[in-house]
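The values are calculated or read from the model by the stated rules, or taken from the named source; none is laboratory data. Keep in mind the model is a prediction, meaning the values are calculated, not measured. Heads up, the Cβs are rebuilt from the backbone with ideal geometry, glycines too, and the neighbour counts pull from every protein chain shown.
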Amino acid sequence: MRLTMVGTGYVGLVTGVCLANTGNQVVCLDVVEEKIAKLKQGVCPIYEPGLTELMLKNAEAGRLTYTTDKAEAYRDAEMIFICVGTPSDDRGHTDMSYVHAAADDIADMIKSLGPEQSPKTVVMKSTVPVGTTLAIKQRIRDRVGPDIPFDVADNPEFLKEGDAITDFNKPDRVVVGVENNRVGEQFRDLYDPFVRNGHPIFVMDIPSAEMVKYASNNFLATKISFINEMANLCEAYGANINRVREGMCADKRIGHAFLYPGIGYGGSCFPKDTLACIMMGETSGTPTLVSKAVHDTNQAQRDRFFKKLVAHFGGEQGLTGKTLAFWGLAFKPRTDDIREAPALTLARKALGYGCKVRGFDPVAMENVSKEAPTIELVDDMYECAQGADALVISTDWDEFKSPDFARLGEAMNGKAIFDGRNLYRRQHLGEMGWHYYSVGRAAVKPV
């Protein structure tokens, strides 16, 4: 099948590469000439394990090409996937300008081809508020007139950053929203190679498909905020959230996924999609009380964790002049994405109190240098801790899970660890002379 991805960000590039890998002819379109030039050279603009190798393989085979030429990208495409950014403000209002620009370009192209063409399917792959896909259909129709054939569909993505290739190739489910059987069968043909593990393709109406993405991410965010709220109660009453979690998650109705205490969720999806549900509720007059509580709890979790630092140093004034080392700056491991990263929230608060902040992350340092230049970045985790008064664990990269504590203690000025990911055994840290603070467990002082 001949496919075009509009946008070579995370969603567009992963989708295009994986679909090319099953034999489709894929064109990736972007308006940023520098990005396309690098892609043609085999340089991947994002960190995603396994993606570069698949890019090179399919480009060499001639199934995957990159262009800034809109006419070239749209002319022969049977399906056009809109994968552009849909950023939102702090209230959840979505910026649709990139989607609208893509729709207008597509409309101009199919209008130029005339009414004799086979109908192209314009697929909304970007996450958009419910009702957007049909609104885009009307926008294109207004631009091309009544005689030009085309269809629209919605096909939400469910990719975990850091494991996106596996998620695409072995999906739990594929969700598509369509208006007719022809497009439904088109999607079944496209995704059949990916669901031979027996997992379903759900073909439904377009608004329901749009809502599936929001409902899914909102629920996962709810689980994270819930376990953090339970962790806070554990701290208040002397319980251990790790033991509570074990007992709770053994119930098969509950399970283990996304029930890990920490310093809250971040990234490009959970914060944006939870706020979008709140915004949709406000717009329609439908209260979203759970979604609001989930968002508020997540934001408060970072503040609560920071207060442990304040208390350790004897109050806000005690932070002035202290050096804090941060291990992990991406919002989660196996990605260089720092959008809404809890580490940056904490680091900026520390800087505001007069701290010196030093950070290390295995892959996210380049992004941090652009977004937060006041954070000193170093290329080694132990060098990051050199002379620090406290160490903050903010991302659970594997290399942080079993450090050399003796070496770490010699490097630091103060033996204090603030573990936002509960990586270490409390008793073990106390016996080695550390002040150790985690989430949902009592703090430990040196034995």
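For residue 272, state whether it is charged (D, E, K, R), assigned by TED's automatic domain parsing to the domain that holds residue 343 and either assigned to a helix (DSSP H, G or I) or within 27 Å of residue 357 (Cα to Cα) (or both).
When the stated conditions are applied, residue 272 passes them.
Condition test on residue 326, is it under 23 Å from the mean Cα position of the chain (by Cα), crowded, with 16+ Cβ neighbours inside 10 Å and modelled with pLDDT of 95 or more?
Yes, satisfied.
Confirm whether residue 53 is more than 29 Å from residue 276 (Cβ to Cβ) and charged (D, E, K, R).
yes
Any idea which of 1, 5 is surrounded by fewer than 24 Cβ atoms within 10 Å (Cβ to Cβ) and under 22 Å from residue 171 (Cα atoms)?
Unique residue meeting the criteria: 1.
All but one of (1) within 30 Å of residue 361 (Cβ to Cβ); (2) among the small types (Gly, Ala, Ser); (3) surrounded by 18 or more Cβ atoms within 10 Å (Cβ to Cβ) hold for residue 42; state the number of the condition that does not hold.
Condition (3) is where residue 42 drops out.
Of all residues in the stretch 301-349, how many are over 23 Å from residue 275 (Cβ atoms) and among the aromatic types (Phe, Trp, Tyr)?
So the answer is 3.
Could you give me the residue pairs with C-beta distances under 7 Å whose first residue belongs to the stretch 197-215 and is within 16 Å of residue 127 (Cα to Cα) and of a type in the set (Gly, Ala, Ser), whose second residue is assigned to a loop (DSSP other than H, G, I, E, B) and at pLDDT 95 or above wherever it lies, and which are 6+ apart or on separate chains?
209/156
Would you pick out the residues in the stretch 392-417 that are out of contact with any Gly (no Cβ under 9 Å at 6 or more places or on another chain), within 24 Å of residue 335 (Cα to Cα) and buried (at least 19 other Cβ atoms within 10 Å of the Cβ)?
417
Against the condition part of a helix (DSSP H, G or I), in contact with a helix residue (DSSP H, G or I) (Cβ under 8 Å, 6 or more places away or on another chain) and polar (S, T, N, Q), how does residue 15 come out, does it pass?
yes
Any chance you could count how many residues in the stretch 107-133 are closer than 30 Å to residue 340 by Cα and either among the basic types (Lys, Arg) or touching a residue at least 60 places away in the same chain (Cβ under 8 Å) (or both)?
Number satisfying all stated conditions: 10.
Note down all Cβ pairs under 6 Å where the first residue falls in the stretch 228-241 and is closer than 17 Å to residue 299 by Cα, the second is part of a helix (DSSP H, G or I), and they're at least six residues apart or on different chains.
What qualifies is 228/301; 229/297; 231/241.
Working carefully through the options 144, 130, find the one that is surrounded by 15 or more Cβ atoms within 10 Å (Cβ to Cβ), assigned by TED's automatic domain parsing to the domain that holds residue 26 and over 25 Å from residue 68 (Cβ atoms).
130
Which condition number in (1) more than 26 Å from the chain's Cα centre (by Cα); (2) without any contact (Cβ under 8 Å) to a residue 12 or more places away in the chain is the one that residue 23 fails?
Answer for residue 23: the failing condition is (2).
Can you pull out the residues in the stretch 244-292 that are surrounded by 19 or more Cβ atoms within 10 Å (Cβ to Cβ) and basic (Lys, Arg)?
Within the stretch 244-292, 245, 272 meet the criteria.
Yes/no per residue for (1) over 22 Å from residue 78 (Cβ atoms); (2) part of a strand (DSSP E or B):
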{"residue": "116", "(1), (2)": "no, no"}
{"residue": "123", "(1), (2)": "no, yes"}
{"residue": "126", "(1), (2)": "no, no"}
{"residue": "143", "(1), (2)": "no, no"}
{"residue": "167", "(1), (2)": "yes, no"}
{"residue": "171", "(1), (2)": "no, no"}
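Only helices (runs of 4 or more DSSP H) wholly contained in the stretch 336-447 count here; list those with 2 or more residues that are touching a Leu at 6+ places or on another chain (Cβ under 8 Å) and touching a residue at least 24 places away in the same chain (Cβ under 8 Å).
By residue number, 342-352, 365-371, 381-385, 405-411.
How about the stretch 47-65: which of its residues are under 23 Å from the mean Cα position of the chain (by Cα) and surrounded by fewer than 18 Cβ atoms within 10 Å (Cβ to Cβ)?
If the condition is that a residue be under 23 Å from the mean Cα position of the chain (by Cα) and surrounded by fewer than 18 Cβ atoms within 10 Å (Cβ to Cβ), then 49, 50, 52, 53 are the ones that fit.
From (1) within 18 Å of residue 5 (Cβ to Cβ); (2) without any contact (Cβ under 8 Å) to a residue 60 or more places away in the chain; (3) over 23 Å from the mean Cα position of the chain (by Cα), pick out the condition that doesn't hold for residue 154.
(3)
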